[in-house]
Every structure is written in structure tokens, then in C-alpha cells.
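Heads up: the structure comes next, in C-alpha cells.
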Amino acid sequence: MTSAQNSPYAQGVSRRSLFRGAVGLAGVSALGIPALSACSSSSSKSSGSTGGNAGAATGTVTIGSNGSDQVPKKAFADLFAAADTATGLKTTVNTVDHNTFQQNISTYLQGTPDDIFTWFAGYRMQFFAQQGLLHDVNDVWDKIGGNFSDAIKAQSKGLDGKYYFVPDYYYPWGLFYSKSAWAAKGYTAPTTWDDFITLCKKMKSDGLSPVALGEQDGWPAMGTFDYINMRTNGYQFHIELMQGKQAWTDPKVKATFDHWTELLGYTSPGANGRKWQDAVAMVMNGQAGMCVHGLDQAGPQFQAAGKSDDLDFFAFPSIDPANGQDAVEAPIDGWMMSKKPKNHDGAVKLLEWLGTTEAQNTYLASSPNDVAAANNPDTSKYNALQKKSIQFVSSAKQISQFMDRDANPTFVSTVMIPALQKFIGDPSSIGSALSDIESQKKTIYAS
Amino acid sequence: MRILGVRPARLSLHAFLILTSLVWLVPVVWALYTALRPFADTAKHGYVSFGGSYDVKNFTDAWSQADMMHFFLNTFVITVPALVITLFFASMAAFVIARFRWRYNVALLVLFTAGNLLPQQAIITPLFRIYTTIKVPNWMSDSGELYDSTLGLILIHVAFQTGFCVFVMSNYMKTIPGEISEAAVVDGASVFRQYWQLTLPLCRPVLAALATLEFTWIYNDFYWATALISTGDKRPITAALANLQGEFFVNNNLVAAGSLLVAVPTLIVFFALQRHFIAGLTLGSSKG
């Protein structure tokens, strides 16, 4: 009784369902047409022509933000108050909650988008650049290029080689644990797979669940896959696999799942029915030894329980010595410019400022679970975990984003999430599942 | 055979009723219970536990963090005009369908009700295109088009809700004796006067019933508000609830408190119009 869809009329008489099905089909085909036309209507202006005016730009710049809950909302408010002072522009922030913002991004960009907006690095950004829904930001990078490392620069470019993204902050993925629980049992962080398994065995004999996993939402286990795959087969193979250039039927992928099967023997049972929050809580309360997660997930939860000082993490152990612990998974969030910004020069000026160390530190002052993407930020205000994160990521030879940011989003949500959940429920099923994944991948990446 | 002077059939009926009411009550009561506990306690003990402290801090936090006053006002600005316009239009259409015999009588009723069979999701893509194409003056919508405007949202609610209201109201008006209208015609009353001064006052129960239902539906709408509004500050209260959830971290206790607060206005409206609600619905449906 709570919504119009549930009105007495909408309830299923078969004739009506049939009618609805027919209308639904019409809806789907209607959906395809604008999507296609959007691909062809790329109209990004050439970057050099208007870039020169940015220094003198004034007026209002609108910003689309997905930071709607308490901590990021305050961080954004502080950031743009500082932006007004530093740039002389007037900024207006349009805040939409995170889930809606992500789900609506396509209609948002085709409707009346703000001049600049928050988004993610990797294929998820390149996808919209390819559709012609973004304005390149090459002129911004002429100014801010020196602030960023090459690994981060590479993550900010579209497939056409132009810049579309200004990085703001990142957070690392690793194995998170409770310092007090480990100190009590005398555990130390392993660096190799064998030591890792030995530690798991010890935890099990101590009555702990060695690795906590909450896979109900579908995405948390992707971090584990990404790491085992990069450690087993190397960064290059992993990224090519994500981009659809390598086959899932390759024996190398099977090797990844074999390692994971071994680890599943030490993973908390019933993972598919558990929220990731509960997995982190198991680690926090000393029921589980560790969990593969990002600082953005483990951090706020320890913080909310007043246990920030008890949280620590270490790098995923090496499997093949040739790959060592080189690659680090560190999703980067940042800014993009919409196709036709109302105030292009103002948007460029604002993005130039957002790409500075000063701006990023302003944001992070109220968000202690992320790290500034710009080089050499003033670390005096960082907590221990943030300092460790910088060292952790800057020592990485390669940076990956996350499966749902590096690969085709449709492929990940319709194929990989069910496949991973099935694997976690029944590891022996993966042999036949891989050929299914490969055939579905071919269809989705080709479309 | 009787147990304690009660027939077994009656006993099992009441056992069933008690059980059913429990099934409905448990989630609400649990939400209330969770909302009264701080996050740190549930994180430590789990949601199925007792102990720790209990207070209303989640409620006050939800109120201020989600800026609920602002979004309640947004909802009010959308719901009230949409409701009034829907009932006004629907009553006029229903009057014609119920009181006049002409060739396209049934076709007209079908036209109004058929729209309700359409799932909203099916028309969203063309609607989105239409809304971004129709330009309106800036004093009506600061986006300059129907998309991302309160006006656009009110219009789509009116369009979608009118059909159902026409159906219910025309059925209700058919139960009003036709002789009353005939007497008015003999006395020389115009068609508008028959509608406005004669029929509408007699429709008070059905108007109250529909007002309750429609208020709840329009109030609870999340779909249109999400699809057709891109500015966060213009969205209704149902969307503000989502503002309490973070990218990763979700304080479920806070969300529970927020959800309960958002449910309050529909309860107020329901209890205020409860008597009319039941009377109006049964009266309307008794003759079709």
C-alpha cells in the first residue's frame, strides 16, 4: 500500500501482465535509441581554444556531489567555502545521495548536469568519455600535471588519450585487522602466501575465523579476486582480463581460483548471507582475524565504534615472486566536467584549484579515511593509517582501481557478481563456470 | 466441544489474528528498538541483543543531518497541489462519465483507467526526452525546462493518479440517485451547477478516501522524484532518507530512526481521515 505501483490496478491479472510485458518491450527498444544517439553526438570542444581565459574567469560554477551523508557533506562544504575564497568564483553544490547519483549518472549527464561533478577513475570514467558525455580537461592538466605521479596520471585519461578526470583522493585496499587482538595472540603480518596460510591455520586453532567475508552485496569479494589474480598472474594480465582482452578460460584464471579455494577453507562460512559491515564487525570484536577491505569501509566503522586507533592493515601477501607485492588496489575518486558546462572557464579555474595539494588537504581534514591524490601533501595532520596509506600506495609499481571500476559495469553486475557468489557457496563449481563467464563476456564486451 | 467456554474455531481464529498482527508489527517494533540504540552498541552486541544505552539521539541526528524540515517542505509543495489538482480533474471527468449517456462513455472511462495499467518504468525514457525538450519560463522552474522542476513532478503525479480517481469517483457518483440531478435540471440548474453545488458536496466520503490514498502514494513516491529531479535540494523527503546512507558506511540505527520519522505524516493523515477512508472505499465499490 505504499506506492502508486501497488495500486489495486497494478496487481497481476495475467492479461494485464501480458500487456505490461508488451509495453515493457517497447520501453526497452525506446531505451536503446537515445543511448545510441548519445554515442554519436560527441561535441567536446577542443581544449586549447578556451583554456587561456581560465585565469580571469568569474561567476557561478555548479558542482554535482554524491557526498550526502554527514562526514563527506561537511568535507565538501569546507572544501567549497575555501574554493570561493581561493578562486573568487561562486560555487553552488548540488548534493544527491550516493546510490541515486551512481544509478542515475547516465540520465544525469544527458539531462541538465552541473558544470563539474564527482566520479571515479578507471573504465567507469572512460566509458562516459567514449559516449561523448564529458568535456576533456587537458587545459586543467597543463597547470596541475606536476602535482601527480605517473601512475595516477595514467588513471585520469580516457581511451582517446585525453584527460577527463581530476583526481581528488584515494584509499587503499589491504588486509585489515585489530591491533589489540593480534597483539594478544602474538600474530605478525605475513608477506608470502605460505606464511599467510600458516597464520590462518594458527588462527583457526585459536578458535578464530581467520578471514571474515560478507558478500551479500556482491562487490566485497571482488577485492579478494583482484589481489589473488594480480599476485598470481601480474598486473598486466589482470587489467587486460578486466578490459576483456584476456580469456577467462585461460589456465591462469583457474590458478587464481585455485588459490582462492585454498583460502576459502579459512574464510568465515555463510559469506553470501552476510553484510560486509558484519564482516568488519567480526574483525573489530575479535571473532575473526582479518578481512580484505578498503580503508573507506573498515575505517568509518572502527571510527563510529570509537576504535580508530585499533585498526591496522598490511599488503596482500605475494604468491608468485615474479609479481611480488608490486600492485596495489587503490580506488581513486575525483572530478569530471560535463559535456557543455554553463561556465567553462570558471569550471577550468575551479578544477585547477581542486587539483592542488591545498584543496585536497582541505577536503581530507574532515575525512580521515582517504588520502590526497596530489603529491607531497602536508602530512602533519594525517593520522597513522593515512600516513601508512601514502607510503603503501606510493611504493606500488602499479595501481588498480577495483573490479567494478576497471571492467565493463554491465559485465560485472550481471555476470561476475552471481559467478563469485556461486563460487563462494560452492568452490568446486568454478571449473565449468569459467567457460560460461567467457562466453557472456564476449557478448557483453562486443555490444 | 468448548475449551474454557470458547469454541475451538474461534480460538484458532484469534490465534491466527494475533500471529498475523505480530508478523506485521515485529519489523516496525524492531526498527523502533534499533533506532533507540547507539551504533556502537549494536556494532558490539549485534542487532539481536539487549543492553547498552537507549536514547533518542538517532532521531535528533537524523532530523538535523538529513535536513528533514527542508525536505518535508519540498514534499508538501509537491504533494498538496498534485492532490488538489488530481481530485479536481478526476471529479469533473467522473461527473461526466457518471451523469451523461453519450456514445463514447465507456471509451472515455477506459481511456482514463488504461493509463493506470502502464508501468511507470515503461515510459520513463520517452518522458525523460519530453521533459528535457519542453522549455518553461524561469519563474516556473529554475532549470528552464520541465525536467528537474517541481512543476514537472506535480504534472506527472496528476497524470498518473487521475485515472484511478476517475474510476473510483465515477462508480461512487453512479450510486447517487439520478433523480436528484433530474430535479435540478427541472429547476434550471446548469451543468456546472449540478456538478459543483449538487454532486460534489455529496461526494465528501469518497473525496476523503481518495485524498488519504493519494496523499500516501504521492508522498511515498521515490521513483519519479529520482528519475525526473537531478538537483538534490529539490527532491522530496523520501529521497532525503537516502542522504543518511554513505558510500560504504551505513549507520542502520540512524536510518531506522529517519524512516520512522518519515512515516509519521502518512499515519497522521490516515488516522485523521480513517472513518471516511473505509466508508468511502466500500461505498464506491458496491456498485460498479
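The values are calculated or read from the model by the stated rules, or taken from the named source; none is laboratory data. Because the structure is a prediction, the values reported are computed rather than measured. Every residue, glycine as well, gets a Cβ built from its backbone with ideal geometry; the counts of neighbours run over all protein chains shown. Areas reflect the complete protein model, heavy atoms only, side chains present, ligands, DNA and RNA absent. Shrake-Rupley method; radii C 1.70, N 1.55, O 1.52, S 1.80 Å.
Annotations for the structure displayed:
- Those strands (runs of 3 or more DSSP E) of segment A:274-362 that lie entirely within it include none in which at least 2 residues are under 18 Å from the mean Cα position of the chain (by Cα), within 10 Å of chain B (Cβ to nearest Cβ) and of a type in the set (Lys, Arg).
- Meets criteria (under 16 Å from the mean Cα position of the chain (by Cα), touching a residue at least 12 places away in the same chain (Cβ under 8 Å), assigned by TED's automatic domain parsing to the domain that holds A:Ala121 and open to solvent by less than 20 Å² (accessible area, probe 1.4 Å)) for A:Ala372: yes
- The residue of segment B:147-157 that is modelled with the highest pLDDT, among those that are open to solvent by less than 30 Å² (accessible area, probe 1.4 Å) and farther than 19 Å from B:Ala122 by Cβ, is B:Ile154.
- The residues of segment A:90-101 that are in contact with a Gly (Cβ under 8 Å, 6 or more places away or on another chain) and either open to solvent by less than 40 Å² (accessible area, probe 1.4 Å) or facing chain B (nearest Cβ under 7 Å) (or both), listed by number, are A:Asn94, A:Thr95, A:Val96, A:Asp97, A:His98, A:Phe101.
- Matching option when the condition is within 12 Å of chain A (Cβ to nearest Cβ) and within 15 Å of the chain's Cα centre (by Cα), among B:Phe222, B:Phe128: B:Phe222
- Annotation note: Cβ proximity below 6 Å between a residue of segment A:65-76 that is open to solvent by 30 Å² or more (accessible area, probe 1.4 Å) and a residue that is at pLDDT below 80 (sequence gap 6+ or interchain) occurs for A:Val71/A:Ser367; A:Lys74/A:Ser366.
- Extreme residue, farthest from A:Thr224 (Cα to Cα), among residues of segment A:339-359 that are touching a strand residue (DSSP E or B) at 6+ places or on another chain (Cβ under 7 Å) and crowded, with 24+ Cβ neighbours inside 10 Å: A:Gly346
- For beta carbons closer than 7 Å, sequence separation of 6+ or different chains, a first residue in segment A:401-426 that is over 21 Å from A:Gly270 (Cα atoms) and a second that is open to solvent by 20 Å² or more (accessible area, probe 1.4 Å) and among the acidic types (Asp, Glu), the qualifying pairs are A:Val412/A:Asp404.
- Answer residue from segment B:15-48, given it is among the hydroxyl-bearing types (Ser, Thr, Tyr) and in a helix (DSSP H, G or I) and is farthest from the other protein chains (Cβ to nearest Cβ) among those: B:Tyr33
- So A:Thr261, is it more than 14 Å from chain B (Cβ to nearest Cβ), β-branched (Val, Ile, Thr), open to solvent by 20 Å² or more (accessible area, probe 1.4 Å) and in contact with a helix residue (DSSP H, G or I) (Cβ under 7 Å, 6 or more places away or on another chain): yes
- Segment B:204-217, subset aliphatic (A, V, I, L, M) and open to solvent by 10 Å² or more (accessible area, probe 1.4 Å), residue farthest from A:Ala75 (Cα to Cα): B:Leu207
- Selection count, segment B:187-225, where residues are outside any helix (DSSP H, G or I) and of a type outside the set (A, V, I, L, M, F, W, C): 4
- Among the residues of segment A:222-230, none qualifies, meaning not one is in contact with a Cys (Cβ under 8 Å, 6 or more places away or on another chain) and crowded, with 19+ Cβ neighbours inside 10 Å.
- Candidates A:Ser209, A:Ser180: the one that is surrounded by fewer than 20 Cβ atoms within 10 Å (Cβ to Cβ) and not hydrophobic (A, V, I, L, M, F, W, C) is A:Ser180.
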